[in-house]
Amino acid sequence: MKLDTADQLSAITKMLHWLVAIFMIALLFAGVYMVETEAGWLYPWHKSFGFLLLFIVIVRVAWRIKNGWPSPVGQYSTIELSLSKFIHWLLILGTLLLPISGLLMSYYAGHGIDMFGLEVIGKNIDPENPEKAIAHSKALASFFHSVHHWSGYIIIAAVTLHVVGALKHHFVDKDETMKRML
Ligand code: HEM
Ligand code: HEM
């Protein structure tokens, strides 16, 4: 398998970056949209695609460990290098934390876990009202709900900075950073 070099990123790095990027951006938008507009129909899709993304993210993290981080294409200030490193770490951690906190929030709230209708963990049905679920732990469901909510908004800010940085490299510095990822 070909690893990244200073002037060329491997096909695996590029494929995993864009696959995760598209899924993440769509799920962030869908998450905020469904909460703000109470679009109940979107919840099962959000959860199923979020769960699916977790598997891709695990492959990506394994690839990062094997391959290391791509080295910068040019000479940049220490501040710029540290900021990009920090944001890359935040993005990778966010791509793990969001699906995991989402799954744990749903599990502890008693809603069970399924992917596109395929049941992984059954709903904890309330015998008095089979339409409803009984929480396994209200405290843990609420904790993971907060983690999901706050990490969602932190990652939206991080992705925005990341995209601004990528555009700066392409249009202001006019370097190879963006071309290397495309
Ligand atoms: C339109 C949106 C995006 C653009 C234009 C973009 C662009 C780029 C570019 C040019 C690089 C290479 C940086 C370098 O060589 O140092 C990069 C790396 C990276 N991007 Fe993005 N990106 C986007 C969205 C995202 C999203 C949504 C995530 C995750 C939530 C993400 C996570 C990362 C990470 C972790 C790296 C470090 C290298 C790697 O692990 O592959 N990006 N991105
Ligand atoms: C990488 C994957 C994911 C991303 C980026 C993501 C992102 C988001 C965002 C930004 C919100 C809105 C937060 C708010 O305004 O409070 C949200 C809400 C939600 N997410 Fe996710 N999510 C992901 C995966 C999951 C998974 C795997 C599940 C469950 C199996 C899940 C369940 C939920 C639920 C139930 C809500 C609504 C919470 C409420 O009603 O307040 N998410 N998600």
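The values are calculated or read from the model by the stated rules, or taken from the named source; none is laboratory data. Predicted model, so just to flag it, every value in this text is computed and none were measured. When we count neighbours, we look across all protein chains shown, and the Cβ atoms used for this are built from the backbone with ideal geometry, even at glycine.
Between a residue in segment 1-15 that is in contact (Cβ under 8 Å) with a residue 60 or more places away in the chain and any residue that is loosely packed, with under 12 Cβ neighbours inside 10 Å, which pairs come within a Cβ distance under 9 Å, given they are 6 or more apart or on different chains?
Between residues of segment 1-15 that are in contact (Cβ under 8 Å) with a residue 60 or more places away in the chain and residues that are loosely packed, with under 12 Cβ neighbours inside 10 Å, the close pairs are Leu3/Lys66; Leu3/Gly68; Asp4/Gly68; Asp4/Ser71; Ala6/Ser71; Gln8/Lys2; Lys14/Leu182.
Go through (1) near ligand 2 (Cβ under 9 Å from one of its atoms); (2) out of contact with any strand residue (DSSP E or B) (no Cβ under 8 Å at 6 or more places or on another chain) for Leu52 and report which single condition fails.
(2)
Here are the criteria: (1) surrounded by 16 or more Cβ atoms within 10 Å (Cβ to Cβ); (2) of a type outside the set (Val, Ile, Thr); (3) at pLDDT 95 or above; (4) closer than 30 Å to Ala166 by Cα. Tell me which single one Tyr108 does not satisfy.
Only one criterion is unmet by Tyr108, namely (4).
Which strands (runs of 3 or more DSSP E) sit wholly inside segment 80-182 and have at least 1 residues that are more than 9 Å from ligand 2 (Cβ to nearest atom)? So that I can check it myself, show each step before the final result.
Working: elements: 113-115, 118-121, 129-133.
Ranges flagged: 118-121, 129-133.
Residue-wise test of (1) loosely packed, with under 15 Cβ neighbours inside 10 Å; (2) of a type outside the set (S, T, N, Q).
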site: Ala30; (1), (2): no, yes
site: Tyr33; (1), (2): yes, yes
site: Thr37; (1), (2): yes, no
site: Leu42; (1), (2): no, yes
site: Gly50; (1), (2): no, yes
site: Leu54; (1), (2): no, yes
site: Val59; (1), (2): yes, yes
site: Asn67; (1), (2): no, no
site: Pro72; (1), (2): no, yes
